[in-house]
Amino acid sequence: MKTILITGGAGFIGSHVVRLFVNKYPDYKIVNLDKLTYAGNLANLRDIENAPNYIFEKKDICDFDAIKTLFDKYNFDGVIHLAAESHVDRSIKDPFTFARTNIMGTLSLLQAAKEAWKDNTDGKLFYHISTDEVYGSLENGGFFVETTSYDPRSPYSASKASSDHFVRAYHNTYGLPIIVSNCSNNYGPYQFPEKLIPLFINNIRNNKPLPVYGKGENIRDWLYVVDHARAIDLIYHKGKNGETYNIGGFNEWRNIDLIKVMIKVTDKLLGRAEGESEKLITYVSDRAGHDLRYAIDSTKLHKELGWEPSLQFEEGIEKTVHWYLDNQEWLDQVTSGEYQKYYENMYKIKS
Ligand code: NAD
Ligand code: DAU
């Protein structure tokens, strides 16, 4: 019997991690802590919300007293920390919120864990979920490995890099048992439609412009979200204290090529002629400081812990498009209200 705190469990990746742990480990108690910001949605967890080993706590990770009280209440064995502000475009408009949540929120969890586990750290683990963006932009080829120097270039990645540094500082200074993993771009069900893939599927369906930043030449390395959740499970249980693991599927795509694949798959499922929706492609101003290329080398995770992705990209993207087309109600719910204002302001076009 273990009691594990998962933060940000109502978000995209967090909901897949919560679902996996609740279903796979009936003997564990899984406590999902989430503030339910615009990105957090309990509808992401409808299928497991009544499971006997699942508890939801609506809290802000920055509220140190509330977090301390939670550690006293549940006596956690481990923390899997995903709660964060996660969208680069929002970080460019509002860096303060990113610094507060991603840095101060992480610090508050670290301090609460340190205090709760001060007499005995046996079997305890603070597992911090981070991103490949902390390594910067690969302008001249190569891959990010675990020892690549940090070079964050957006307010989002700077805040994540800072939180990674605090996690390692708590390990080095106070002996807190920690692991950090840095993953590439995720895609799949329940991703908030501000991110490229769900935004574009939704727009293709609704015959709305597809806003491609710059020339569409930036490269990202895409991983199906369930494979990230599987990696997190493996690392939580088998990873070594103090280590860092990179997670990625060696699956690089230029944005414009990926967009054409999405169009092809979506048009087919909507019964449109092949490539019909390419007319929706609209080149818009580039993202400020737009990183050119990310590419993760996950050899260490493969060699040491035996992880590999379960899905090929073609299968993953088809499953994903299917899911968004079949879950229009979910999309309608998350794109109502505040989302409309965000969208108009971000893209300066009426939705
Ligand atoms: P998301 O934006 O979908 O979800 C974030 C969740 O955190 C939401 O449920 C939100 O309500 C919650 N949250 C935000 N602020 C909070 C606060 N102050 N207190 C409590 N809860 C709060 O994010 P995601 O895409 O699922 O990313 C999850 C984590 O994985 C993040 O740490 C992100 O940096 C990291 N990551 C994401 C990707 C990706 O491709 N999405 C890749 C690598 C790493
Ligand atoms: O690499 C991991 C990171 O991937 C995570 O840490 C972040 O939380 C996650 O949001 C993601 O960051 P990106 O900025 O790479 O993802 P996004 O979906 O926002 O954009 C993917 C690419 O598509 C990027 O090059 C910008 C481009 N883009 C994005 C949007 C939203 C467009 O061309 N048009 C758009 O409207």
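The values are calculated or read from the model by the stated rules, or taken from the named source; none is laboratory data. Predicted, not measured: the structure shown is a model, and the values here were computed from it. With ideal geometry, Cβ positions are generated from the backbone for all residues, glycine too; neighbour counts draw on all protein chains shown. Ligands, DNA and RNA are excluded from the accessible area calculation, which covers all protein heavy atoms including side chains. Shrake-Rupley method; radii C 1.70, N 1.55, O 1.52, S 1.80 Å.
Can you tell me which condition residue 203 does not meet? The list is (1) open to solvent by 40 Å² or more (accessible area, probe 1.4 Å); (2) within 16 Å of ligand 2 (Cβ to nearest atom), and all the others hold.
It fails just one condition, (1).
Can you run down the residue pairs with Cβ atoms below 7 Å, 6 or more apart or on separate chains, where the first is in segment 94-108 and in a helix (DSSP H, G or I) and the partner is of a type in the set (Asp, Glu) and open to solvent by 10 Å² or more (accessible area, probe 1.4 Å)?
Note: pairs meeting the criteria are 97/85; 98/85; 101/85; 102/85.
When you look at residue 331, is it more than 24 Å from residue 146 (Cα to Cα), open to solvent by less than 60 Å² (accessible area, probe 1.4 Å) and hydrophobic (A, V, I, L, M, F, W, C), yes or no?
yes
Does residue 301 qualify as being open to solvent by less than 50 Å² (accessible area, probe 1.4 Å) and more than 23 Å from residue 190 (Cα to Cα)?
Here the answer is yes, as residue 301 does meet what is asked.
Would you kindly identify the strands (runs of 3 or more DSSP E) lying entirely within segment 1-70 that contain at least 2 residues that are of a type in the set (Phe, Trp, Tyr)?
Ranges flagged: 54-58.
Only one of these conditions is not met by residue 141: (1) within 12 Å of ligand 1 (Cβ to nearest atom); (2) small (Gly, Ala, Ser); (3) out of contact with any helix residue (DSSP H, G or I) (no Cβ under 9 Å at 6 or more places or on another chain). Which number is it?
(1)
Which of the numbered conditions does residue 59 fail, given that it passes all the others? Conditions: (1) in contact with a helix residue (DSSP H, G or I) (Cβ under 6 Å, 6 or more places away or on another chain); (2) under 26 Å from residue 346 (Cβ atoms); (3) open to solvent by 20 Å² or more (accessible area, probe 1.4 Å).
Failing condition for residue 59: (2).
Within segment 272-294, track down each residue that is open to solvent by less than 70 Å² (accessible area, probe 1.4 Å), away from ligand 1 (no atom under 16 Å from the Cβ) and either in a strand (DSSP E or B) or of a type in the set (Lys, Arg) (or both).
Selection gives 272, 281, 282, 284.
Does segment 115-137 include one or more residues that are polar (S, T, N, Q), in a loop (DSSP other than H, G, I, E, B) and within 11 Å of ligand 1 (Cβ to nearest atom)?
No, segment 115-137 contains no residue that is polar (S, T, N, Q), in a loop (DSSP other than H, G, I, E, B) and within 11 Å of ligand 1 (Cβ to nearest atom).
Which fully enclosed strands (runs of 3 or more DSSP E) of segment 162-257 have 3 or more residues being of a type outside the set (D, E, K, R) and either under 30 Å from residue 112 (Cβ atoms) or in contact (Cβ under 8 Å) with a residue 40 or more places away in the chain (or both)?
Fully inside segment 162-257 and qualifying: 178-183, 185-187, 210-213, 219-224, 244-247.
Please work out if residue 234 is within 16 Å of ligand 2 (Cβ to nearest atom), out of contact with any His (no Cβ under 8 Å at 6 or more places or on another chain) and not aromatic (Phe, Trp, Tyr).
no
Return the pair list, or none, for Cβ contacts closer than 7 Å from residues in segment 292-315 that are of a type in the set (Gly, Ala, Ser) to residues that are open to solvent by less than 30 Å² (accessible area, probe 1.4 Å) and in a loop (DSSP other than H, G, I, E, B), at least 6 apart or on different chains.
Within 7 Å, the pairs are 295/138; 298/248.
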